[in-house]
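> Take this structure first; my questions come after.
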Amino acid sequence: MSHLISILVFSPLAGILALSLLSSKNERALKLAGLLGALLPMLIAVIAAASFERSASGIQLAEQVNWISYKMLKTGDAAYFSIRYEVGANGLSIVLMLLTAVISVLAAVGSWTVKRDWKSYFIFFLILELGMLGVFAAQNLFLFFIFFEITLIPMFFLIGRWGYADREKAAYSFLIYNGIGSAILLIVFVALFMRAGTLNYGELAKILSTNGYPGLGSTFRMSVLIALLVAFGIKLPIVPLHTWMLRVHVQAPPSIVMIHSGILLKIGAYGLFTFGIGFFPAEFKQLAVWIAVLGVINLLFGAFLAIVQTDLKKVLAYSSVSHMGIVLIGFAAMNEAGLKGAIFQLISHGLISALLFFLIGVLYERTGSSDLKDYSGLAGAMPVTAGVLLAGGLASLGLPGMSGFISEFLAFLGLFKVMPVIAAVGTLGIVLTAVYVLRAVLSVTFGPTRESYPVGRDMTAREKIPAFVLLGLVLVIGIYPGMLSEPLHTVLDTILLGLRG
Amino acid sequence: MQNAWLIPLLPLLSFILLLLFGKKLKEASAYAGIGATLLSLMLAAAVMLGQWGGESYKAEGVWLSIGKHAVTMGYEINPLNALMLVIVTLVSFLVHVYSKSYMRGDDRFHVFFAYLGLFTFAMLGLVLSPNLLQVYMFWELVGLGSFLLIGYYYFKPEAKAAAKKAFIMTRIGDVGLFIGIILLYWQAGSFEYDEIFKAIADGTISSDMITLIAILIFVGAVGKSGQLPLHTWLPDAMEGPTPVSALIHAATMVAAGVYLVAAMYPLFEASSAAMTTVAVVGGITAIFAASIGLMQKDIKRVLAYSTVSQLGYMMLALGSGGYTAGVFHLMTHAFFKALLFLAAGSVIHAVHTQNIEEMGGLWRKLKITAPLFLIGALSISGFPLFSGFFSKDEILMATYGDGRYGLFVLAVLAAFFTAFYMFRLFFMVFAGSPSQEHGKVGESDGPMILPMAVLGVLAVLAGYLNTPWFGTFLADYLSHGPVRFAAEGEHGPIWIPILATAVSLAGILLAYLMYGKKKLSRNWLSRSLPSLSTIVYRKYYVDEAYDATVVRGTTGFSCLWSYVDRYLVEGAVNGTVSLIQWLGKRGSYMYDGQVQRIGAVAVAGLVIILLFFAAAGGYFS
């Protein structure tokens, strides 16, 4: 049995321990400890990914320990209901864990701009990372739920204490919305446990694919799927459940938004994929048209609203809403191209939005504003920042050669096969995305250069590293997507097998 | 031929090099770009020579797999794209040389050459692509190059607006191409040209589907090639530096739409509705843009409208079945229009204005530029024995032979307009006396003259590649390609070239009388038709119409939803939050220490649970 995944998930604890030993006044040491604390999981994630067998299917690096078990009175026989501690990884979750670890390191670098309470900031930061890694590592619903909850608490404090002016309202709205989502998840998981007798992903999928299993009738399945759709729809978010995430995007510190937009939103899509499509393929197919419609609404609604925003952070927030529409579109296609597109979009958007929010942090640090009115002609004063911002914008609008294109193309390719009309409506989003991205980016970088600009204060070396790493990953995936698609292959094969069976 | 992949890679290398070290290289940056494009040009020439009677060549590797289907990327050499390779590398090389002098002293000199390298890479990648997905990717990247170079003077608000407009308008067309490619994939099961052509030949795709897909792909070509109704970005693109206008917005990228239709010709030929669409859009664009060109006052805008009009001609040719004629005109146009732009750049360089009303009498001052401009003007006007004469002649013959006489009349009229506006431009710039002082006006230096001279020679000679008199070399050459086309043109009625010549001479003569000799008043026509001339001068108010409908419509729609989001969705959310708060407050009242109340609530809760159990039959399973 390999402990690698457990070590990975709990490795942020080392950083937390180190931080707790340091004096809360020692800014440099705290920041460094925070960064090293995030580097350790990345190192382990790379090792885990390297030892991951790409072509093999199923759960790898699995670990299982008996944890809680009890007898149910009702069933009368000796069957034990047991909840095990079980973690592992498949092709999708290993990629997402790697993404989590990488973005956390870069966000830790982005956290250099944090002005106070570094100690508690980085402790919360690392707990958040632990939670995220656990969500992707968990192999049963109980653990998933626990790790999912672990992400909420540090996030609440990170927004509420280190955010911008209206941070507390944002933190509460984050908590209330996600709390509702969690409550729904809890009910769903309990119901599944009581009827199927297990919480393990693999066992659940097997039981749910057995026809006529007692207590798992079609009404029950459909209601569970719809409940999952709502719970993860809050996280993704699906319009009209999106307002909380707008607040978080605008109010949370940029380094936290890198994680929020880059990873946390993806948990919604991961849940929909693993539980929604994985457990209930037939029911998901019945809902596919509605999911496609919701996806197109997300895509267009986000894009139309991004066009008229005056704050750069809001443009990007609506842009996230719009881009998550692509994920739904890909899911709704329910074929290899569509699902692959959706998963590529998770990773691609994670990288791109992390990059763009990192840049917002860089800009805010120098100008104290993210209002588009306060910017003009940045290309003259800060050419490197302006260039990276333009590149990030182009990636966001799906320029070929960058990761966003692959996901957009595959998702639409998939949907056109099954619902050409809905897909055709959705392509309007391709134009609108170009409109809002160029409007926002050009009004920052082009135009006459402001005299008040900090000429000569372009990106520092420390700031360049995250920016270029993210941009490099975006380019590598865009130029050779085969690299990423290989580990995803076996996961998709399993899912597609479920679809056909 | 196995080394053809180097052709696009060299300019890419120059781009990367200049991006990394351009700041240190300063003016030496130009040599990286010039060297790379020169090498590419030599390789391209070798490839084209190999294609003369040779075999097509294709090399591919797996890029991404979708299910069992592997999507490949690679390159392909056939007569059509080998010709394009030479045109692109040649014009790009000449523009690089020219820019070395033209852009001297600019702060971001190295950035300019880096962008040129990026564009050249993308354009070469586009023509080498063996499949439509790869075409689409490079199609977007040439758009990026164009966008970056239009917006090169980023601090100018006009340049910013023009760059944005170019990107968005071409993207509208690109969505058509995007959908077309996807539909074609599900119909033919591949993005590859040859497999698509095979599926069409086998008749596995329904004819309605073919028409739909062909028109969608043509929408992409309309955007890129500035055809009606997506033409308005191209004249605005003149905000970019003039060498850019010559390379991208005259010779290469805007011809990509024409190239795409030519490359996908079997698809278009399989649907007569699609062919008619191409011909009609091209014909109307040709006359429409030519008429706008009659009235413009900015030297580059006249040339820009002329480009739109000439691209319309090429589309008209292809839509009328004149495959060779379309490709031939693409080539001759690349040479003479690049020449005209570079010469215009030389003029602007000398007098520091683009307004032709402020020019005049430059014939004596620009002793080399002026005759070269004249060669370009004669060529585009279809003056006998110049290259434009032969290619335009073939287009007229193809249109006539296709039996669309209405379009034929439009094409002849457009030829008259072309001759007139070109010589209006020529006489206003070079004839007469200077209308105002420009200080010391000097001829451009060697690096600027040389490329113009090369293009000047080509603007004359390129026509002899395909003539009814000396042989149809180009048609023979292209016939080795994957596209089968009917032999065309050379045996049309003899009165067509005579008519074309007469029309061209008439246009030149009228311009001479009005602007050269000044026998006729400059505004004799506009005075008699004031409202019409205002409409034409304002470019038929197309920009204004788009602004009033699409632009405002989108913004209005966005604002509407913004309100919905702010008040309705947010309102519902706030409602939920207050409800929860209210419940919380109610709940907290209960814990006021009164034991009776706590007991009452507990009993009530128990009763509810028991009732629930009773109703559910004891256990909720």
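> At what distance in nm do the modelled label points of B:Ala45 and B:Lys440 sit from each other, each positioned 7 Å from its Cα along Cα→Cβ?
3.7 nm
> Does anyone have the angle between helix B:207-224 and the longest principal axis of chain B? Alpha-carbon axes, 0 to 90°, nearest 10?
Approximately 70 degrees, to the nearest ten.
> Evaluate the distance, in nm, between pseudo-label points positioned 7 Å from the Cα of A:Ala56 and of A:Val289 along their respective Cα→Cβ axes.
Label at A:Ala56, label at A:Val289, 4.4 nm between them.
> Specify, per residue and in Å³, the volume enclosed by the convex hull of the alpha carbon atoms belonging to segment B:354-434.
91 Å³
> I would also like to ask the following. R0 = 30 Å: FRET efficiency of B:Leu568 with B:Ala615, Cβ-based, nearest 0.05?
For R0 = 30 Å, the calculated efficiency reads 0.20.
> With +1 on the Cβ of every Lys and Arg and -1 on the Cβ of every Asp and Glu, and nothing else charged, how large is the dipole of the protein assembly as shown about its Cα centre, in debye rounded to the nearest 20?
2360 debye
> For the Cα atoms of chain A, what angle does the longest principal axis make with the long axis of helix A:312-333, in degrees from 0 to 90, nearest 10?
Between the helix axis and the principal axis of chain A, the angle is about 30 degrees.
> Given charges of +1 on the Cβ of Lys and Arg and -1 on the Cβ of Asp and Glu, with all other atoms neutral, how large is the dipole of segment B:263-373 about its Cα centre, in debye to the nearest 20?
420 debye
> Could you tell me the center-to-center distance, by alpha carbons, between segment A:280-326 and segment A:158-222 in angstrom?
Distance between centres, Cα-based: 21 Å.
> At 0.36 nm per residue, minus the direct Cα-Cα distance, what do A:Leu21 and A:Arg450 gain on full extension? Give it in nm, one decimal, please.
Net length gain for the segment: 149.9 nm.
> With r as the distance between the Cβ atoms of B:Ile498 and A:Asp166 and R0 = 60 Å, compute the FRET efficiency 1/(1 + (r/R0)^6) and round to 0.05.
Plugging the Cβ-Cβ distance into 1/(1 + (r/R0)^6) gives 0.15.
> Next question. Explain nothing, just the number: relative contact order of chain B, from Cα pairs under 8 Å at least 6 residues apart, as a whole percent.
12 percent
> Can you give me the relative contact order of segment A:349-501 as a percent, contacts being Cα pairs under 8 Å and 6 or more apart?
39 percent
> Would you mind putting B:215-223, B:279-287 in packing order, based on average other-beta-carbon counts within 10 Å, highest first?
B:215-223, B:279-287
> Using alpha carbon centroids, what distance separates segment B:186-232 and segment B:410-462, in Å?
Cα centroid to Cα centroid, the span is 38 Å.
> Under a no-solvent Debye model with one identical scatterer per Cα of segment A:82-180, what's log10 I(q)/I(0) at q = 0.15 Å⁻¹?
-0.68
> Taking the alpha-carbon centroid of each part, what is the distance from segment A:432-501 to segment A:337-374 in angstrom?
7 Å
> Going by C-beta contacts inside 10 Å, put B:Val601, B:Val261, B:Val347 in order with the fewest on the left.
Going from least to most buried by this count: B:Val601, B:Val347, B:Val261.
> Across the protein assembly as shown, what fraction of all alpha-carbon pairs, as a whole percent, falls in each successive 20 Å bin from zero upward?
Calculated over all Cα pairs of the protein assembly as shown, the distribution is 12, 39, 31, 14, 4, 0 percent.
> Using all C-alpha to C-alpha distances in segment B:188-240, build P(r) with 5 Å bins and read off the rounded percent in each one.
P(r) over segment B:188-240, rounded to whole percents: 4, 17, 19, 18, 11, 11, 9, 7, 3, 1.
> Exposure proxy check: B:Thr554, B:Thr170, A:Thr385, B:Thr467 ranked by fewest other beta carbons within 10 Å?
Going from sparsest to densest Cβ surroundings: B:Thr554, B:Thr467, A:Thr385, B:Thr170.
> Of B:Met238, B:Leu216, B:Phe191, whose Cα points farthest to the positive end of the dipole of segment B:182-248 (charges on the beta-carbon: +1 Lys, Arg; -1 Asp, Glu; origin at the Cα centre)?
The Cα lying farthest towards the positive end belongs to B:Met238.
> For chain B, max minus min Cα coordinate along each principal axis, in Å, sorted largest first?
Computed over the Cα atoms, the extents are 111, 61, 57 Å.
> Let me ask something else. How far apart, in nm, are two points set 7 Å out from the Cα along the Cα-to-Cβ line at A:Ser223 and at B:Lys198?
The two pseudo-label positions are separated by 5.4 nm.
> Stokes-Einstein at 4 °C, 1.567 mPa s, Kirkwood radius from Cα pairs: D for segment A:176-275 in µm² s⁻¹?
Rounded to a whole number, D works out at 88 µm²/s.
> Quick check on the exposure proxy: order A:Ser353, A:Ser51 from fewest to most C-beta atoms within 10 angstrom.
A:Ser51, A:Ser353
> Can you check what the Kirkwood hydrodynamic radius comes to for chain A, Cα pairs only, in Å to one decimal?
Roughly 22.9 Å, rounded to one decimal.
> Let me know the mean shielding of B:107-114 by other chains, meaning the per-residue number of their Cβ atoms within 10 Å of its Cβ.
Mean partner shielding for this stretch: 1.
> Under the definition of Cα pairs under 8 Å and six or more residues apart, what whole-number percent is the relative contact order of segment A:95-211?
Taking the mean separation of contacting Cα pairs over the length of segment A:95-211, I get 21 percent.
> Can you tell me which of A:335-344, A:362-371 comes out highest on packing, and rank the rest after it, using the mean Cβ neighbours within 10 Å?
The most tightly packed comes first, giving A:335-344, A:362-371.
Bear in mind these aren't lab numbers, they're just calculated from the coordinates by the rules spelled out. All values derive from a computational prediction rather than experimental measurement. Virtual Cβ from ideal backbone geometry, glycine too; neighbours counted across all protein chains shown.
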